[in-house]
Amino acid sequence: MQTEEHQTPIAATSRHNLPTRLVHAGLALAVVTQLLTSLVLQPAEDGHAGNFWFEIHEYGGLSAFALIVLFWIVLTARRRGTPAGLLFPWVSGERLSALWSDIVRYAGALRRLRLPPHDDASPLASAVHGLGILLITAMATSGTLYYFIGNGNPDAGGLVGATMFVHRTLANLAWAYLIGHASMAVLQHLFTDFNLRGMWSLHTAPKKEATK
Ligand code: HEM
Ligand code: HEM
């Protein structure tokens with residue numbers, strides 16, 4: 001895959017402020033932990049304690065919940081970064097039509113097996129990031145609710161059953177989001193002028209650090 005236009009590498013400037021980068025890194029690590037432990041966990045059930053991986057899943061999940069709450073606070077309070085209207089375009093006709101044009105732009109480039117040049121303000125990428133925030137909010141909230149009301153029976157009925165139904169139903173989407181989002185970031189890093197370090201640098205001044 002190649003970029004549409006060949007671009008010479010340029011200094012990448014992070015448009016993400018330090019709180020956004022810190023919370024993003026913590027959340028990414030927590031979600032990777034959650035997805036990996038979900039493959040081997042044995043939940044507490046019928047009076048039996050869960051296995052070691054379930055304990056990691058519980059504490060990792062409670063940390064993910066704290067981090068997603070922090071992410072919402074940072075999104076609301078920050079003065080620099082992706083505007084909320086780009087992350088959540090669903091209620092604005094103008095935003096939705098920009099999203100559609102961006103989908104057409106991506107589809108046109110992908111049909112020619114090319115990656116469109118990176119666009120910081122891409123309506124499609126931003127809308128997908130917004131959906132990721134909602135998805136991880138639902139996973140962490142359902143898990144945390146289960147932690148408090150579950151009574152060690154994920155197959156119970158009522159509110160406990162509904163909570164675990166949400167958790168299990170969205171689990172595959174969480175895998176799809178992580179794989180899709182991380183792969184797009186790596187492909188863009190490799191084949192466009194986009195620099196991954198702009199998001200992952202923990203430096204206070206990544207503008208000077210993140211030269212590709
Ligand atoms: C499932 C865990 C993750 C979640 C919920 C998540 C969520 C997000 C969100 C919401 C944004 C947009 C932030 C903003 O514009 O203010 C973002 C950006 C970004 N994420 Fe993640 N992320 C996750 C994991 C990862 C991983 C594992 C990578 C590693 C490759 C990664 C790389 C990036 C990069 C490079 C950006 C910046 C994109 C840009 O500036 O255009 N993320 N992520
Ligand atoms: C962002 C946070 C979380 C993510 C991404 C996550 C992800 C997952 C995934 C992928 C599964 C496997 C589902 C399946 O294959 O059926 C799972 C199962 C489970 N999770 Fe979480 N989880 C999170 C937070 C939590 C928290 C905070 C708890 C609290 C205790 C929790 C409790 C459980 C339980 C009990 C199961 C087993 C359900 C069953 O018996 O199938 N999770 N989780």
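Just so it is clear, none of the values below were taken in a lab; they were calculated from the coordinates. Because the structure is predicted, anything quoted here is derived from the model rather than measured. All Cβ positions, glycine included, derive from the backbone under ideal geometry; neighbour counts span all protein chains shown.
Here are some notes:
- Against the chain, whose longest principal axis is taken from its Cα atoms, helix 52-77 shows a tilt of about 50°.
- Think of the chain as a dipole: +1 on every Lys or Arg Cβ, -1 on every Asp or Glu Cβ, centred on the Cα centre; then among Val40, Phe194, Ala77, Phe194 lies furthest on the positive end.
- Rounded to 10°, Cα long-axis angle of helix 93-111 versus longest principal axis of the chain: 80
- A Cβ-based charge dipole, computed about the Cα centre of the range 70-212 with Lys and Arg at +1 and Asp and Glu at -1, lands at about 440 debye.
- A simple spin-label model places the labels of Ile149 and Phe165 1.3 nm from each other, with each point 7 Å out along Cα-to-Cβ.
- Residues of the range 53-74 falling in the label zone of Val40, defined by backbone nitrogen less than 16 Å from a point 7 Å along Cα to beta-carbon, are 53-60.
- About its Cα centre, the dipole of the range 30-95 is roughly 660 debye, where the only charges are +1 on Lys and Arg Cβ and -1 on Asp and Glu Cβ.
- Peptides ranked, highest mean first, by Cβ atoms within 10 Å: ranges 93-101, 14-22: 14-22, 93-101
- Extended-chain gain in nm, criterion 0.36 nm per residue less alpha-carbon gap, Phe191 and Arg78: 37.7 nm
- The stretch between Ser183 and Tyr106, if pulled fully straight at 0.36 nm per residue, gains 26.2 nm over its current Cα-Cα span.
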